[in-house]
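As structure tokens, the structure follows; a few thoughts come after it.
Just so it is clear, none of the values below were taken in a lab; they were calculated from the coordinates. Predicted model only: the values in this text are computed from it and were never measured. We place every Cβ from the backbone using ideal geometry, glycine too, and count neighbours over all the protein chains shown.
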Amino acid sequence: MIPLDIRLYTWVDVEVVLLRIQEQNNWPQWLVWARAYWDGLTIGIRAETEEQAKDWLREIYEPRFRISSKEEIAEFLIILESLPENERILPIYFEETEEESRLPRLTPSLSRPSVIWPPVKMSNLQKVYH
């Protein structure tokens, strides 16, 4: 569920929820990366894990997660703060990837990461430096 101190006004707020999950080391194994921007939330997932991703997003963004069907095609959305007659949405896109999680580059303290990666584990660092 969305933390009580967060309101989803824009894609930046959607990203903050993911950053908190990253900080708390609650990043699922199947989730490779996440990228939020004004036009949508795209998440990189392992092959054949889309159902897990949908369930996880439903749990994380409840009650703002919605599945909408248009012409037999399901769309996954996060409902942003808005008036009922002028609903604002952020579409969710799933991208299967074989990428490995990368070590994040040093990010200046006043900037936001463009892609959110899972927390770095010591075993991953040992692989890189040996």
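Counting neighbouring Cβ atoms within 10 Å and putting the fewest first, the residues ASP39, ASP5 line up as ASP5, ASP39. Multiplying the residue separation of ARG7 and ALA47 by 0.36 nm and subtracting their alpha-carbon distance yields 11.2 nm. Between GLU85 and GLN29, the contour length at 0.36 nm per residue exceeds the alpha carbon distance by 16.3 nm. Taking amide H atoms as placed 1.01 Å from N in the peptide plane, the amide H of ILE89 lies under 5 Å from those of LEU80, each 5 or more residues away in sequence or on another chain.
Ordered by the number of other Cβ atoms lying within 10 Å of each residue's own Cβ, fewest first, ILE6, ILE78 fall into the sequence ILE6, ILE78.
The label-point distance for SER114 and ASP39, in a model that sets each label 7 Å from Cα toward Cβ, rounds to 1.5 nm. Of the GluC sites (Glu not before Pro) found in the range 28-71, the ones in coil according to DSSP and having at most 15 other Cβ atoms within 10 Å of their Cβ are GLU48, GLU71.
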